[in-house]
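Down below is the structure, laid out as structure tokens.
The values are calculated or read from the model by the stated rules, or taken from the named source; none is laboratory data. Keep in mind the model is a prediction, meaning the values are calculated, not measured. In this analysis, Cβ positions are derived from the backbone assuming ideal geometry, glycine residues included, and neighbour counts consider all displayed protein chains. What goes into the accessible areas is simple: the full protein's heavy atoms, side chains included, and nothing from ligands, DNA or RNA. Shrake-Rupley method; radii C 1.70, N 1.55, O 1.52, S 1.80 Å.
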Amino acid sequence: GQDKPLEPLTEIAAIPWLSPSIASRGISVDVTGVVVQTRPGAFFLRGMDSSRSVFVRCPDCTTAKPSQWSTVRVRGTTMVGGFHADIRAVTVETTGSTKPLSPAPVSAHDLLGEQSDLGYGEVTGTAVATESGWVSKAKLWRSQLKLMVGSQPVLVSILSDVAVDLASQMDGEVGVRGVIGVLFNSRRQRIGIRMHVQSTSDIQAVAPRHAN
């Protein structure tokens with residue numbers, strides 16, 4: 001007899017772990033998450049529980065392009081990606097936005113409690129470390145800036161076509177806006193806060209480095 005069709009994958013965290021041979025089968029996907037960064041014809045979607053992100057290829061985004069910080073429902077199929085398994089979107093439905101007009105945005109302090117969902121956030125902290133490297137499989141540069149917000153580390157991440165030099169921010173007070181969520185280790189233990197930003201315009205110096 002014929003094999004029973006697989007149920008759609010509904011957990012973003014399960015998709016990046018698919019092997020190329022499984023992803024190439026075009027398994028049905030129906031997931032909801034937060035757009036953490038947009039790219040031409042594609043975007044990065046992160047699960048609402050901050051657990052994992054997936055690259056969504058969206059050929060029709062010229063007519064239905066989601067914006068950063070929005071929550072979207074994506075229906076489509078799995079495909080082999082450059083780094084992990086990706087989603088080839090068939091429909092993308094914007095269901096809301098995590099960027100509030102009021103009250104205040106989510107902060108790193110809010111996420112130290114029970115809150116673990118993603119949301120638009122704004123933080124100010126001291127830049128203590130930076131790194132940038134070429135991710136060959138994804139064909140993108142990953143630039144990261146580590147902030148200390150009080151005693152809480154916040155890892156700020158940008159993916160781009162060119163290397164982003166964040167060294168000028170070192171030791172200064174920096175304000176950052178973007179999608180903020182809890183950073184987990186492999187055992188689902190909270191080890192910090194991660195922020196995804198669209199571009200360097202979302203990172204602004206508040207006070208000069210080595211200011212007295």
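The table below gives the values:
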quantity: Stokes-Einstein translational diffusion, segment 116-188 - Kirkwood Rh over all Cα pairs, 1.567 mPa s, 4 °C, in µm²/s; calculated: 98 µm²/s
quantity: Sorted peptide list for 172-184, 12-24, 190-202, criterion being average Cβ within 10 angstrom, highest first; calculated: 172-184, 190-202, 12-24
quantity: Charge context of P153, other residues only, Cβ under 12 angstrom, K/R +1, D/E -1; calculated: +3
quantity: Percent of Cα pairs exceeding the 17 Å cut-off, where the set is segment 140-179; calculated: 31 percent
quantity: Measure of compaction for segment 148-204 (Cα Rg per 2.2 N^0.38 Å); calculated: 1.21
quantity: For segment 8-57, accessible area per residue (1.4 Å probe, heavy atoms of protein chains only), Å²; calculated: 41 Å²
quantity: Burial order of peptide ranges 151-160, 70-79 (average beta-carbon count within 10 Å, highest first); calculated: 70-79, 151-160
quantity: Under-5 Å amide H pairs with T130, H placed in peptide plane, nonlocal only; calculated: K146
